[in-house]
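The values are calculated or read from the model by the stated rules, or taken from the named source; none is laboratory data. Predicted model, so just to flag it, every value in this text is computed and none were measured. Every residue, glycine as well, gets a Cβ built from its backbone with ideal geometry; the counts of neighbours run over all protein chains shown.
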Amino acid sequence: MIVRFCLYSVFKNLRFADPFFVLFLLALGRNFTEIGLLLGYQHLLTVATEVPSGYLADRLGRVKSLVGCFAMYAACYVLLALGANYPPDWQLAGLYLALTCFGLGEALRTGSHKAIMLDYLDSTGQTARATEVIGLTRMYSKCTAGASALCGGLILFAWQRFDVLFWLSAAPAAAGVVLMWTYPKYLDGESARAAPGGAAAAGSWRDGLRAVFGRPRSLRLLFHSVLFESQIEVVVKYYAQPVLSAGLGRYGVSLVATVGSALERSGAVWVGVFEMVRESLGGAAARLSPRFERATGGPARALGLSYAAAAVLGALVVGVLLAWDDWLWVAVAYFVALTVLQNVRRPVFVGALNGEMEKSMRATVLSLESVARSISLAVTLPVVGLVADHFGLKYALLLPPLVLLAGWLVAAGRTGPVTAPPLRPDGPPSEAPETATPTAR
């Protein structure tokens with residue numbers, strides 16, 4: 001099963017178009033404000049459909065939910081491949097339709113696969129390996145994303161057309177549909193096996209909210225995770241590529257051009273190389289996450305140090321970008337550092353949450369975290385887009401680290417110091433043995 005978990009990570013992240021999506025929208029003539037609203041809509045749609053998709057997962061099972069997720073991804077990429085050929089009056093509507101499919105796919109996915117992995121580890125007596133296995137699959141995710149970014153850059157350089165990237169990205173999504181059908185039925189979740197009544201999904205969410213808000217330590221853990229993941233995603237997923245494209249333009253290198261020398265048209269290759277290096281280092285960081293957890297003295301310190309480092313580093317680096325004209329390499333180093341921090345932190349967070357939550361609640365709590373993260377992104381992206389359009393990209397990059405710093409101060413002031421359960425030498429916080437009880441989502 002662990003091999004199939006890794007294959008899931010490969011098919012989910014073999015997206016040749018992802019590193020170039022914002023650049024594609026800019027090439028269509030969309031400004032950063034429009035892009036922020038478009039992406040914000042996608043994240044809000046995921047939030048709005050989270051509970052209905054949870055109900056479907058409860059009734060049909062997690063595996064079928066993930067089958068639908070991959071099908072929605074494939075539909076999104078097909079629509080985006082056709083997007084460049086839409087009439088101008090229909091172009092924006094076509095983009096919203098494509099991101100509707102993607103948002104629905106995300107709603108079907110969130111929380112489900114991590115819960116499947118955790119349930120499998122419980123049922124096979126490998127609960128202590130949670131951080132290790134999450135780190136392993138995340139390494140495959142990041143290495144696959146890096147390889148697909150490099151391939152995408154080479155393809156874009158060769159064809160000078162974005163639609164080819166979207167067609168090629170639809171194929172792994174279709175392969176993901178086939179993979180999910182091979183998962184054993186016992187990983188579908190307890191609710192699906194029991195064929196619950198219609199109130200199960202809503203009930204699980206109410207229970208999940210009570211489980212989080214009734215535990216200050218868990219609340220702070222989730223609060224920091226939501227802020228950290230959403231603000232880092234704004235920077236490295238949506239704004240790193242435009243910043244690099246602008247930096248390369250200062251050297252006369254274009255992303256897509258029909259004239260000029262090979263070097264002058266090689267912007268897509270350089271962006272692809274950057275993404276490959278960044279994602280590969282992120283994958284290595286995820287694999288080293290258990291060592292980082294032990295070296296820092298446990299999950300609480302590991303999470304706190306990575307959060308503080310991202311906030312302080314962001315504020316310092318953006319100050320350098322504003323003061324220095326030749327800032328391209330500083331920006332590259334900054335984006336790589338954020339990726340390393342994000343990926344070394346995420347497995348620690350999942351392992352810590354696994355030790356905090358009851359097994360019947362953890363998938364729901366992971367979905368709650370995803371919902372809160374989507375709301376944070378939906379609010380942040382249009383604001384950052386407005387700043388980018390009116391003041392420039394470098395000023396826009398200042399907002400996420402300021403949000404992180406503000407979140408740190410708010411959480412510290414309201415909840416006080418927090419400690420985590422003791423760390424076992426071989427993995428995440430220890431738990432009493434118990435029979436696996438797969439969750440609804």
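When the stretch 302-345 is filtered for residues that are surrounded by 24 or more Cβ atoms within 10 Å (Cβ to Cβ) and of a type in the set (D, E, K, R), only Arg345 remains. For Val3, the requirement of being part of a helix (DSSP H, G or I) and touching a residue at least 40 places away in the same chain (Cβ under 8 Å) is not met.
Mind checking which residues of the stretch 281-296 are in a helix (DSSP H, G or I) and closer than 18 Å to Ala145 by Cβ?
Leu281, Gly282, Gly283, Ala284, Ala285, Ala286, Arg287, Ser289
Residues that are surrounded by fewer than 18 Cβ atoms within 10 Å (Cβ to Cβ) and free of Cβ contacts under 8 Å to residues at least 60 places away in the same chain were ranked within the stretch 282-295; the one that is farthest from the chain's Cα centre (by Cα) is Ala295.
Checking the stretch 98-112 against the condition returns no match, with no residue being surrounded by fewer than 22 Cβ atoms within 10 Å (Cβ to Cβ) and over 25 Å from Gly152 (Cα atoms).
Being in contact with a helix residue (DSSP H, G or I) (Cβ under 6 Å, 6 or more places away or on another chain) and either of a type in the set (Ser, Thr, Tyr) or crowded, with 22+ Cβ neighbours inside 10 Å (or both) is a property that holds for Phe16.
Among the residues that make up the stretch 297-320, is at least one of them over 20 Å from Leu244 (Cα atoms), out of contact with any strand residue (DSSP E or B) (no Cβ under 6 Å at 6 or more places or on another chain) and not in a helix (DSSP H, G or I)? Yes, that holds for at least one residue. Of all residues in the stretch 334-357, none that is more than 25 Å from Val318 (Cβ to Cβ) and part of a helix (DSSP H, G or I) has its Cβ atom under 7 Å from the Cβ atom of a residue that is modelled with pLDDT of 90 or more and of a type in the set (A, V, I, L, M), 6 or more apart or on another chain.
Mind checking whether some residue in the stretch 316-327 is within 21 Å of His224 (Cβ to Cβ), touching a Ser or Thr at 6+ places or on another chain (Cβ under 7 Å) and not β-branched (Val, Ile, Thr)? Looking through the stretch 316-327, none of the residues is within 21 Å of His224 (Cβ to Cβ), touching a Ser or Thr at 6+ places or on another chain (Cβ under 7 Å) and not β-branched (Val, Ile, Thr). Determine which member of the set Thr137, Thr144 is touching an Asp or Glu at 6+ places or on another chain (Cβ under 9 Å) and buried (at least 19 other Cβ atoms within 10 Å of the Cβ). Only one candidate passes the filter, namely Thr144. When restricted to residues that are surrounded by fewer than 19 Cβ atoms within 10 Å (Cβ to Cβ), touching a residue at least 24 places away in the same chain (Cβ under 8 Å) and within 24 Å of the chain's Cα centre (by Cα), the stretch 76-97 contains 2.
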